[in-house]
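The structure under discussion appears below in the form of structure tokens.
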Amino acid sequence: MQEAQTKYQALINCINEQIVAKALRPGDKLPSENELAEQFHISRQTVRKAIGVLEEDGVVCRVKGSGTYLNYYPQENPEQKNNIAVITTYVESYIFPKTIHGIEKVLSESGYSVQISFTNNTLEKEKSILEDLLARNDVAGVIVEGTKSGLPNPNIHLYRKLIAKKLPVLFINTYYPELDVPHVSLNDVSVAKKAVNYLIQNGHRDIGAILKLDDGQGRQRYLGYLSAMEAAGYPVTDSRMVWIDTDESKQLAYCTDKILNRLEGCTALLCYNDQIAFQLVRILMQNGIKVPEDVSIISIDDSDLARHSEVPITSLTHPKEELGAKAAEVLLQLIAGRKNNATFEFDTRVMERESVKNVINKNI
């Protein structure tokens, strides 16, 4: 049963990949069931099941007595819409330039123009951008990183209006749980869990965390932190958590007293990202706390900041450009009418550096 499922899914994937690459174009006739069965070494029944799924997704249509054809999609009609709106929070972040490059590369190869807007993570700017999109009729789809996704958002009704217009919308990095919209992101729960487990494997049990409170990734990473600590049977206390907002994450020194007070007694810390970890290393060292001798630090993103920190920081990888490319591919599938299984979450791995000390069998 599992083998048959894998075979028909392989055929579906192959056809969708040909659509994205424009090897198959709207109106093209697919090979016959016999030809597909021979080409993929599968039964006609498996071919028929795959074509049935594609038909349900609106990708193909079957014409009795003639064959199966690729549907006509909006970007191919006389009122062609070749613009893709990409909305992110910041331009200067170490994540977004590579992510945007991945998006642009895939979409430009498919004949689309990319129009980029930045909200600066403010609700007012996000509202203005969304209202502009609602007034336009030249946009084929939207890739968006939501603003302050960890908090209730007064702009949710504008997103619902975009969805009501049948405009394909895809979130990246984070998402709003109240909207039934696919997303492409890290698996943030798994990422944080993997980070904390790495600390545990190195003998740490008094583990604190510095996380962002105003975006959804902070919430998901907290769930991963909790899961790892509880699975290990280690205590979780509020006194070991430091919650900061976006503005504080840029100027972490303003939170020095809070950090030193709340994280006293911790032997290791999980940082929300490399931006925070980079600043934290400096703050600790300025206050006579050595990394990793006194406290170990692990972070997320594996950016240049982690590599060039005064103490190189152990960090978990972020796919950056690959995430952008995947988001573009998924949006193209949404534009083409394929909506099933559109959400995709990347896994990650630990990049070991000098900021984590192994304290197993040592007096700490």
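When the test is whether a residue is modelled with pLDDT of 75 or more and either loosely packed, with under 14 Cβ neighbours inside 10 Å or farther than 20 Å from Leu332 by Cβ (or both), Gly52 passes it. Across segment 316-364, the qualifying residues are those that are more than 17 Å from the chain's Cα centre (by Cα) and among the small types (Gly, Ala, Ser), and the one among them that is surrounded by the fewest Cβ atoms within 10 Å (Cβ to Cβ) is Gly337.
Considering segment 320-355, and only residues there that are of a type in the set (Lys, Arg) and not in a helix (DSSP H, G or I), the residue that is farthest from Ile100 (Cα to Cα) turns out to be Arg353. Can you name the number of the only condition in (1) among the charged types (D, E, K, R); (2) in a helix (DSSP H, G or I); (3) out of contact with any helix residue (DSSP H, G or I) (no Cβ under 8 Å at 6 or more places or on another chain) that Lys22 fails? It is condition (2) that Lys22 fails.
Looking for something among the polar types (S, T, N, Q), out of contact with any strand residue (DSSP E or B) (no Cβ under 6 Å at 6 or more places or on another chain) and modelled with pLDDT of 95 or more - is there at least one such residue anywhere in segment 201-215? For segment 201-215, residues among the polar types (S, T, N, Q), out of contact with any strand residue (DSSP E or B) (no Cβ under 6 Å at 6 or more places or on another chain) and modelled with pLDDT of 95 or more: present.
Could you go through segment 302-319 and let me know if any residue there is in contact with a helix residue (DSSP H, G or I) (Cβ under 6 Å, 6 or more places away or on another chain) and in a helix (DSSP H, G or I). The answer is yes; a qualifying residue exists. Here Thr246, Thr314 are screened, and the one residue that is modelled with pLDDT of 95 or more and either in contact with a Lys or Arg (Cβ under 7 Å, 6 or more places away or on another chain) or among the aliphatic types (A, V, I, L, M) (or both) is Thr314. Of all residues in segment 250-277, those that are within 23 Å of Gln217 (Cβ to Cβ) have Cβ atoms under 7 Å from Cβ atoms of residues that are exposed (fewer than 14 other Cβ atoms within 10 Å of the Cβ) and modelled with pLDDT under 95, 6 or more apart or on another chain, in Arg262/Ser239. If you filter segment 118-150 down to residues that are small (Gly, Ala, Ser) and more than 18 Å from the chain's Cα centre (by Cα), you find that the one that is most open to solvent (accessible area, probe 1.4 Å) is Ala135. Say whether the condition of being in a helix (DSSP H, G or I), in contact (Cβ under 8 Å) with a residue 40 or more places away in the chain and charged (D, E, K, R) is met by at least one residue in segment 40-55. Yes, the conditions are met somewhere in segment 40-55.
The values are calculated or read from the model by the stated rules, or taken from the named source; none is laboratory data. No experiment lies behind these values; they were computed from the predicted model shown. Here the Cβ is made from the backbone with ideal geometry for all residues, glycine too, and neighbour counts use every protein chain on show. Surface areas here come from the heavy atoms of the whole protein model, side chains and all, with no ligands, DNA or RNA. Shrake-Rupley method; radii C 1.70, N 1.55, O 1.52, S 1.80 Å.
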